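The values are calculated or read from the model by the stated rules, or taken from the named source; none is laboratory data. Bear in mind the structure is a predicted one, so any value in this text is a computation, not a measurement. Because the Cβ atoms are built from the backbone with ideal geometry, glycine has one as well, and the counts that use them run over all protein chains shown.
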Amino acid sequence: MKEVAAFPLGGWPLAVWIDPRPRPGPLLMALDEALLARAGSPVLRCYRWKGPWVSIGCFVPRSEAEAAFPGRPLVRRWTGGGIVDHADDWTYSLVIPRADPLATAGTATSYRTIHSALARALTACGLAADLADAPVPGRGGLCFAGPVLADVVCDGRKVAGAAQRRTRHGLLHQGSLQGITIPDGLAETLASCLHPGPVTIGQTTTREVVRAARLLVLQRYGRPEWLDGPAPARG
């Protein structure tokens with residue numbers, strides 16, 4: 001494995017929220033944004049999609065996703081990246097407050113650091129995972145058509161990609177893992193690879209976060225004009 005220097009998530013605990021409830025795409029994206037705005041310490045959230053959703057990066061034309069996945073429900077992410085099919089993937093997000101050094105590191109550093117932890121977690125679970133050391137030409141905007149630099153690969157095939165966004169609140173990293181059998185306990189193993197300090201497993205949302213997320217669905221993620229994009233940068 002192409003190791004990188006450790007970049008621990010500060011001195012605070014890492015909270016792990018394994019959401020047991022499948023949720024529609026707009027609410028999932030809104031929860032990530034609401035968590036970023038309110039997180040006082042890092043949060044690793046693992047979640048499932050209610051239905052065969054496809055997500056598109058903030059600057060991907062809607063028409064491109066509709067051509068690739070006709071008839072499928074679409075949601076536009078707040079992060080960048082391409083088109084991701086969530087019909088059968090393992091999706092996670094990592095929220096890192098701005099006070100943590102990783103939140104203000106360069107995109108290449110944070111992307112490689114987080115994916116290095118994911119590759120170590122998969123390897124610890126019995127899958128030989130590594131980081132792509134060079135991009136492979138893809139097919140249009142399809143995220144999993146080929147790896148970019150520092151994506152996670154198994155036998156040279158991309159199995160994990162991600163997209164990021166930085167705001168005044170910190171860093172949001174949204175990732176998808178697919179094309180392999182997801183090992184049991186991956187969330188806990190990933191948490192230990194991300195953060196050598198205390199890890200808290202359990203519900204991390206509050207009523208305030210849920211209320212804020214539902215409002216964001218009404219204001220942005222559930223609105224046709226947001227999906228039509230490309231969306232302007234903000235934050």
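One residue is enough: does the range 66-78 have a residue meeting the conditions out of contact with any Asp or Glu (no Cβ under 9 Å at 6 or more places or on another chain), modelled with pLDDT under 95 and within 23 Å of residue 166 (Cα to Cα)?
The first filter runs over the range 66-78 and keeps only residues out of contact with any Asp or Glu (no Cβ under 9 Å at 6 or more places or on another chain), leaving 66-67, 70-71, 73, 75.
Still in the running and modelled with pLDDT under 95: none.
No, there is no match, as no residue in the range 66-78 is out of contact with any Asp or Glu (no Cβ under 9 Å at 6 or more places or on another chain), modelled with pLDDT under 95 and within 23 Å of residue 166 (Cα to Cα).
So which residues in the range 181-208 are part of a helix (DSSP H, G or I) and at pLDDT below 90, if there are any at all? Working first, answer last.
We begin by selecting, within the range 181-208, every residue part of a helix (DSSP H, G or I); these are 186-194, 207-208.
Correct list: 207, 208.
Out of (1) over 19 Å from residue 89 (Cβ atoms); (2) at pLDDT 95 or above; (3) surrounded by fewer than 21 Cβ atoms within 10 Å (Cβ to Cβ), what's the single condition that is false for residue 133?
Every condition holds for residue 133 apart from (2).
Select, from 110, 55, the only residue that is crowded, with 21+ Cβ neighbours inside 10 Å, of a type in the set (S, T, N, Q) and under 21 Å from residue 41 (Cα atoms). Give the derivation first.
Working: 55 fails: under 21 Å from residue 41 (Cα atoms).
On inspection, the qualifying residue turns out to be 110.
If residue 63 satisfies all but one of (1) under 17 Å from residue 210 (Cα atoms); (2) part of a helix (DSSP H, G or I), what's the number of the condition it fails?
So residue 63 meets the others, but not (1).
In this structure, does residue 120 turn out to be within 30 Å of residue 200 (Cα to Cα) and of a type outside the set (Gly, Ala, Ser)? So that I can check it myself, show each step before the final result.
On the way: within 30 Å of residue 200 (Cα to Cα): yes; of a type outside the set (Gly, Ala, Ser): yes.
Judged against the criteria, residue 120 is a match.
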